[in-house]
Amino acid sequence: MARVRRPEITPDRPRCSIERSLTLLGDRWTLLVIREAMAGRTRFSDFRDALGIATDLLTQRLAALVEAGVLERRGYQEPGRRARFDYHLTPAGRDLTVVLGALQQWGDLYRPPEGGPSALRRSRATGRPLGVAFVDDRGGAVDLGDVEFVLNDDRRAGVGE
């Protein structure tokens, strides 16, 4: 049986999934841009105004997220104005909801703000509160004490591959 050829492991492309993800997402501004996109913001000026981020930083973060397939750029033009682009979450970007939800849940528990959380996680369908959890292949939530990261037999480096 032929082995599947994996991409070469390099400093720019580490084997560990966590490390690879952090090369794109491990920056405060990047996650805040994604948070704003999840809140429905799509335009450069809306991101800039909501975050108070410098224009050059926002340009870099948006470009990196587009290149990585987390956001897609779409052209638009308002009457009498020049053509511009706005930014929309791709399926990969929408899948980061669980990452931001987990960060929010952790922050609410271990770094609680005065006056309570700034936002709540709720089901659209039922309005019930939501918690982020590991779920097994049958759909059951698994207690964190029962979660382990098991290294692949052919691993070369790192946890979370």
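Values quoted throughout were computed directly from the atomic coordinates according to the rules given, and no laboratory measurement underlies them. Since the model is a prediction, treat every value here as computed from it, not as a measurement. In this analysis, Cβ positions are derived from the backbone assuming ideal geometry, glycine residues included, and neighbour counts consider all displayed protein chains.
Under the rule a/c < 1.5 gives rounded, and otherwise a/b versus b/c splits prolate from oblate, where does segment 68-161 land using the Cα gyration tensor? Since a/c reaches 1.5 but b/c is at least a/b, the shape of segment 68-161 is classed as oblate. Which of the GluC sites (Glu not before Pro) found in segment 49-144 are loop residues per DSSP with 15 or fewer other Cβ atoms within 10 Å of their Cβ? Of the GluC sites (Glu not before Pro), the ones in loops of segment 49-144 whose Cβ has at most 15 other Cβ atoms within 10 Å are GLU114. Compared with the alpha-carbon gap, the fully stretched path from GLU19 to ALA133 is longer by 38.9 nm at 0.36 nm per residue.
Separation of segment 19-76 from segment 83-137 is 16 Å, based on Cα centroids. Apply the a/c threshold of 1.5 to the C-alpha gyration tensor of segment 96-146 and tell me whether it is rounded, prolate or oblate. Oblate. Between the labelled values [x] 22.1, 83; [y] 19.1, 62; [z] 15.7, 51, the entry that holds Rg and Dmax of the Cα atoms in Å as derived from this structure is [y]. Taking 0.36 nm per residue of separation and subtracting the Cα-Cα distance, full extension of the segment from ALA50 to ARG124 would add 24.2 nm.
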